[in-house]
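Have a look at the structure below before the remarks.
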Protein chains: 4
Amino acid sequence: MTPNSERRSDRAREAILAAALELTADPGFQATSVEAIAKRAGVGKQTIYRWWPSKGAVVLEALGERAGQTLEFPDTGDIVTDLRTQMDGVAELLGNPQFAGFAGLVGAAQSDPSLSRTLIDGIIGPRVAACRKRLESAQQAGQLRDDVDLDEVIELLYGPIYYRLLFRTRPITPDIATHILDLAFAGLRPPTDPR
Amino acid sequence: MTPNSERRSDRAREAILAAALELTADPGFQATSVEAIAKRAGVGKQTIYRWWPSKGAVVLEALGERAGQTLEFPDTGDIVTDLRTQMDGVAELLGNPQFAGFAGLVGAAQSDPSLSRTLIDGIIGPRVAACRKRLESAQQAGQLRDDVDLDEVIELLYGPIYYRLLFRTRPITPDIATHILDLAFAGLRPPTDPR
Amino acid sequence: MTPNSERRSDRAREAILAAALELTADPGFQATSVEAIAKRAGVGKQTIYRWWPSKGAVVLEALGERAGQTLEFPDTGDIVTDLRTQMDGVAELLGNPQFAGFAGLVGAAQSDPSLSRTLIDGIIGPRVAACRKRLESAQQAGQLRDDVDLDEVIELLYGPIYYRLLFRTRPITPDIATHILDLAFAGLRPPTDPR
Amino acid sequence: MTPNSERRSDRAREAILAAALELTADPGFQATSVEAIAKRAGVGKQTIYRWWPSKGAVVLEALGERAGQTLEFPDTGDIVTDLRTQMDGVAELLGNPQFAGFAGLVGAAQSDPSLSRTLIDGIIGPRVAACRKRLESAQQAGQLRDDVDLDEVIELLYGPIYYRLLFRTRPITPDIATHILDLAFAGLRPPTDPR
DNA sequence: CTGTAAGCGAGACGGTACGTCGAGTCTTCAG
DNA sequence: CTGAAGACTCGACGTACCGTCTCGCTTACAG
């Protein structure tokens, strides 16, 4: 994939990533061609193919660089507060027009196993792992039912955010994390129905 | 869709939808070309373009026809039972390899506003509306907190299913509905922490 | 070819021939489609295919109807005069913009043997035969060298007209027949060089 | 033709011209598609469209390359001999099955003004000019009537050859030039009729 | 005077080729 | 020896027509 070397031009790399982000935001992910990225970056097509296997990989790297801060989970001792902090970050990112390419990227990953791998391993996986670790400590601290599968908890919390992202039934609003956490932690059952 | 007539050939229509489903399942949505659908269906390309605006619209219609049963919500009086019934149907559908194209379709909709509209209006919307109606009656029956936004409840319940579908972190298993409903209705907070 | 009947609609036939002539004159022969002829004639495509085997055959018939008068050779006793009369008619016809489709028709016949047959048998052949007959009588009357092949004479006289038609190096002018006949009958050799 | 460069692949160019000649000879000009030329040449369609505006232009160039020798007129001092030399070459070329595409090309030029221009400027024109020059010198040498329009002489000599080519009333035989020159120079009038 | 069978207008159908776009590879030249 | 430029092969795009095939709908003659 990468023709080993440190002779790689940083200028080219950054121009490519920047062009990818811009085009992915405006004409959209599918409507963006490698050719267009190369032209806007003032770069030969070969320079892109030399370092990345596909358009998706370029965009993924570009987005990954801008998503750094959502990787870490704080630990204030209160799991709901900590989740809210991180989820607010995620919501802000996904609501940002600059990040609009992400949905298309997820779509493209459906038909491109290697892109799917890169997406899961590079972006989703580390966040899931970090979240899981924080949830485990919360469970030990008695802030979480201990009969629940933590991976299912993660799906319950983040699923709704991605649902809005992909189906665009309504925008991702800043208060989304608060609302999800309220529903998820308190449950949907009315207080007067302890069943 | 565009020309008007009852002169339309049913044979062609059905062959196209069947071919679309098959190809969408095996080589995958993005890897399927209109040309390939036409060839497998034994049909001229023009016949596809005459009735559908894009590959996505064809696949959408094909999938939509096979998803009929998930549109209705039963009403046994118990909201959790009824949700489980419908969500089991959804899970079975999305877990079915024949339906593998759906994820790609959602992806494609990210960059195609008109496809996105068709997806929301034709598939997602009606199911959301039916679900909402059932939730409203449950709320009135006192089986649901009445301080919750029902659209958020829907996102909470279905988000996790689509999360698995799109990120493929793990397969959609038959028990997914049961687990989601347990978490969502009982809440994540431990019983000993009434807060 | 023809589905025997006198039930044939004259209105349709004439509308088709007229449309063929018009389109063949303006967008040109190659640029005219059967579909366009049908539309302009206000006729179904099938009605064309019912009575003619190809676009070329339609145009041929349309042109043939307008070329009737060039079929006959007068016989005033002077071969040059008679040739001039007929050739003037041919030149007038081929120079007429309404007849512009003829060149394209000749072109199309190059790749369509059955059209070629129809062209030769229906248009060219009869005129060649009539011309040959007149030349024979001229030869017997001693107005023509009797060591010449009459078919070659015909080619010598008409070739130059078609040459201008097809290569468009310059237009077919009204005096073309006079000039050709002068050159051909008097010969190119200077009078002072009886060789 | 349109893009600029010496980066052009000679291999591709020659393969295309060769394929064009072959296909033009066998299935014929009209029956040959750009697609078929590309496939036989082992070349992408785009490579054809990059350098030529149409199928006709490709075939024209291919034929032009093989017709080089008919461009020059010898000058032995005797105009009839010199004309015969060149016209024999033309007849041989046009009678050659490898050149069968030429008739179709002339036909196609009838409906394509730019192809017509290329045909006249690239093939016909230069030969006409060369012939005219030789005729002029013959006229000065007293071997040709000096009251004749040389362009009409050219049409008189070459028209018959093209007449046979296009109307296929009979094949172009090797002796055609001799016969035409005999008729044209001696004239059609019987020697006993000096009129 | 009313079936019924033909020609008619219309236009959908299975196809082929069009001319264009972009993918990913290969080649040339400059720094 | 990387990087820009861009020509190359290839495959799909969406469109235009091809020639064939139903569809009703006149018409016109046969019972």
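Where a number appears in this text, it was derived from the coordinates with a stated rule and is not lab data. On a predicted model such as this, the values are computed, not experimentally measured, just so you know. Positions of Cβ are generated from backbone atoms using ideal geometry, with glycine treated the same way; all protein chains shown enter the neighbour counts.
Looking only at the range A:124-137, decide whether some residue is of a type in the set (A, V, I, L, M), touching a helix residue (DSSP H, G or I) at 6+ places or on another chain (Cβ under 8 Å) and at the interface with another protein chain (Cβ under 9 Å from one of its Cβ atoms). Before you say what the answer is, go through the steps one by one.
As a first pass, look at the range A:124-137 and keep what is of a type in the set (A, V, I, L, M): A:124, A:128-130, A:135.
Keeping just the survivors that are touching a helix residue (DSSP H, G or I) at 6+ places or on another chain (Cβ under 8 Å) gives A:124, A:128, A:130, A:135.
Within this subset, residues satisfying the condition of being at the interface with another protein chain (Cβ under 9 Å from one of its Cβ atoms) are A:124, A:128.
Yes: the range A:124-137 contains one or more residues that are of a type in the set (A, V, I, L, M), touching a helix residue (DSSP H, G or I) at 6+ places or on another chain (Cβ under 8 Å) and at the interface with another protein chain (Cβ under 9 Å from one of its Cβ atoms).
Among the residues of the range C:90-97, are any of a type in the set (Asp, Glu) and within 16 Å of DNA strand E (Cβ to nearest atom)? Outline the logic, then answer.
If we filter the range C:90-97 for residues that are of a type in the set (Asp, Glu), which is where we start, we get C:92.
Filter once more, so that each one left must be within 16 Å of DNA strand E (Cβ to nearest atom): none.
Scanning the range C:90-97, I find no residue that is of a type in the set (Asp, Glu) and within 16 Å of DNA strand E (Cβ to nearest atom), so the answer is no.
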Pairing a residue in the range A:41-55 that is farther than 15 Å from A:Leu21 by Cα with any residue that is assigned to a helix (DSSP H, G or I) and among the acidic types (Asp, Glu), where Cβ atoms lie under 7 Å and the two sit 6 or more apart in sequence or on different chains, gives A:Lys45/A:Glu35
Taking the range B:91-114 and the residues there that are over 14 Å from the mean Cα position of the chain (by Cα) and within 12 Å of chain A (Cβ to nearest Cβ), the one that is surrounded by the fewest Cβ atoms within 10 Å (Cβ to Cβ) would be B:Pro113
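Being surrounded by 16 or more Cβ atoms within 10 Å (Cβ to Cβ) and more than 16 Å from DNA strand E (Cβ to nearest atom) is the requirement here; does C:Leu71 meet it?
no
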Just one listed residue, out of D:Thr24, D:Thr32, D:Thr2, is exposed (fewer than 13 other Cβ atoms within 10 Å of the Cβ) and hydroxyl-bearing (Ser, Thr, Tyr), and it is D:Thr2
Taking the range A:128-162 and keeping only residues that are in contact with a Gly (Cβ under 8 Å, 6 or more places away or on another chain) and closer than 19 Å to B:Ile161 by Cα, one is left with A:Glu155, A:Leu156, A:Tyr158, A:Gly159, A:Pro160, A:Ile161, A:Tyr162
Of the residues in the range C:2-45, those that are near DNA strand F (Cβ under 10 Å from one of its atoms) and among the aliphatic types (A, V, I, L, M) come to C:Ala31, C:Val34, C:Ala36, C:Ile37, C:Ala38
If we keep only residues of the range B:38-76 that are polar (S, T, N, Q) and closer than 19 Å to B:Ala129 by Cβ, then the residue farthest from the chain's Cα centre (by Cα) is B:Gln69
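Only one residue in D:Asp88, D:Asp151, D:Asp121 is over 30 Å from D:Ala20 (Cα atoms) and either more than 7 Å from every other protein chain (Cβ to nearest Cβ) or touching a residue at least 60 places away in the same chain (Cβ under 8 Å) (or both). Which one? Please lay out each step first, then the result.
Numbers: D:Asp88 fails: over 30 Å from D:Ala20 (Cα atoms); D:Asp121 fails: over 30 Å from D:Ala20 (Cα atoms).
Unique residue meeting the criteria: D:Asp151.
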Among the residues of the range A:8-26, the number that are under 21 Å from A:Gln98 (Cα atoms), more than 20 Å from the chain's Cα centre (by Cα) and in a loop (DSSP other than H, G, I, E, B) is 0
If we keep only residues of the range A:154-195 that are within 7 Å of chain B (Cβ to nearest Cβ) and of a type in the set (Asp, Glu), then the residue nearest to B:Asp175 (Cα to Cα) is A:Glu155
Note on C:Glu65: of the conditions (1) surrounded by fewer than 14 Cβ atoms within 10 Å (Cβ to Cβ); (2) within 10 Å of DNA strand E (Cβ to nearest atom), unmet is (2)
